[in-house]
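S.K.: Structure below; questions to follow.
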Amino acid sequence: MPGYRRALALTAVVLCALAGVLVPRALAASSPGWRVSTLFSGKPYADLLTMTATWSSNAWAFGDSAGPGSPPVALHWNGKTWTASRPFGNVDRPFYVSSTGGNNVWVTGQGCSNGTSYVSRWNGSRWFTTKFPNPDNAPFCQAPVVTTGQSNGWIFAKSPVNTQARHFNGKAWPIVTIGKFGAVMAASAVSASDIWLLTETASTTMLVVHYNGRTWSSVRLPAPSVPKGEKPYAVDIDAVSGTNIWATADLIKNGQVDSGPETSLLLHWDGRTWQWIKVPFDDIAQYVAYDAGSVWVGAQTIAATGTGWDFLRWSPGNHWTRVPVPAQGIPGGSAGYELYTLVHIPHTHSFWASADASYAVGLTAKQSAVIFKYGP
C-alpha cells in the first residue's frame, strides 16, 4: 500500500498526501537479505500500488501501465518472470487487494473515474470486473477489500460515521451498514468468521473492529503511552490468525503527522491481550507483514536522507533492526524511492515489496517501477 495511501486526514474521509523523500544517502547498515529483484527500466509501468502473493511461484502487482489515462496493468509472477496484462479496461488503478489462493484474487480501485467504482476478481483463469455506479457509491471509491472465498467477500467504505460495506454472497453485492465505526482504512481476514478492520472516526479516533461471522464490534484497546496531545492513526493491518494480529499506527497531533522522535507504533493481539509497541526509530510506519515470529514494517524516513524508506524488523524480546531500502542494483548505485506495499510470501520466509525508483543515468533523470525481495 502506497505512502500517500497511508495519509493522515483532518477528517476520516479527507486524506492528505505523505510525499516520498528522494535524497540519496550512504548508510552503514547492511541489508539482511533485502535486494532489488526487478527494475522495470524501459517499461511503462509505474505506481505498483498494491501486491499480493499466494505462493513462491504466484504473485500479482498492480499499477499504471503507461501514464495517466491508460488502462492499469496487472503484473503476474510465475516463479521466474513478471508478465504484464491489462485486464481491467479503462478504470482507476487497483489500490487494495485480497486473496486466498491462486484462483481467488480481488482488487478494488483508487477512485471513481468514469462515474464508477469497481471490484475485479481473478478465478485462476480470467478476471471478472463488476462496476458500481457513482455517486450513490461514492464512499466506495477507495475501498479496502477482503475475500475469504470465491463466493464471499467484503468491500468497505470510507463513510465518516455509519460504516458501510458491500457484501458479496456469491450472487449479489447488497450494501449493509455494519456499525458506527467511521471510515475503514485497512482490512484483513483470517476466515469468513474472523475479519479485522482498522477504522478512523470523524474525530480521528482509531478503532479495531472484529467480525465473528455474525456481528461487527469494536474491541477495547489499552491507552497507548504517547506524548500529551498525540494519538494513533490507523495505517495497516495483517491478520495472521485469530490469536496473532499486527497493525501499524502513526502518531498524529491536531490531525497532522507528528515528526518528533516518537512517530509510530505497532499494535499486537496475541489472543489474550492487546499491546502497543513503540517503534524506536524516527520513521513513519506504513506497511506491516508477519512471518515466523518476526514482523517487517515498511517505514518512511522523516529526514531528507537515504533512499527515503527503511525496512524495520521487530523480533521477540522487542529487538529491532533498521535496514535502509537498498539502492544496490539501481543504475548509478543510488536512488530515492516511494515505497507502496510490503507482503509476506505464504509458506516461505520471504517477502515482496514494490516502489517507484528515482535515479540518474549520467545526467538523465530516470524513474522506474521496482520490486524488492527478502529471502530466497
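Bear in mind these aren't lab numbers, they're just calculated from the coordinates by the rules spelled out. Quick caveat, the model's predicted, so the values are computed rather than measured. Every residue, glycine as well, gets a Cβ built from its backbone with ideal geometry; the counts of neighbours run over all protein chains shown.
S.K.: Using a Gaussian network model on the chain with a 10 Å cutoff between Cα atoms, which of 223, 157, 289 fluctuates the most?
M.R.: The residue that fluctuates most here is 223.
S.K.: Right, something else. In a Gaussian network model over the chain where Cα atoms closer than 10 Å are linked, find which of 308, 298, 179 has the largest mean-square fluctuation.
M.R.: Of 308, 298, 179, the most mobile in the Gaussian network model is 179.
S.K.: Also, quick follow-up: Once Lys and Arg get +1 and Asp and Glu get -1 on their Cβ, which of 275, 107, 130 lies farthest toward the positive end of the dipole of the stretch 9-374?
M.R.: With unit charges placed on the Cβ atoms, the residue in question is 130.
S.K.: Comparing 172, 74, 186, which has the greatest mean-square fluctuation in the GNM of the chain with Cα pairs linked when under 10 Å apart?
M.R.: 172
S.K.: For the chain, I need the span (max minus min coordinate) of the C-alpha atoms along each principal axis, in Å, sorted largest to smallest.
M.R.: Ordered largest first, the chain gives principal extents of 56, 49, 37 Å.
S.K.: Please report how far the C-alpha centroid of the stretch 315-376 lies from that of the stretch 192-254, rounded to the nearest whole angstrom.
M.R.: 27
S.K.: What list of ³J(HN,Hα) couplings, whole Hz, do you get for the stretch 176-185 from phi and the Karplus terms 6.51, -1.76, 1.60, once you set θ to phi - 60° and write x for glycine and proline?
M.R.: Going residue by residue, I get 10, 9, 9, x, 10, 10, x, 7, 7, 9 Hz, with x marking Gly and Pro.
S.K.: How big is the charge dipole of the chain about its Cα centre, in debye rounded to the nearest 20, if each Lys and Arg gets +1 on its Cβ and each Asp and Glu gets -1 on its Cβ?
M.R.: With Lys and Arg at +1 and Asp and Glu at -1, about 560 debye.
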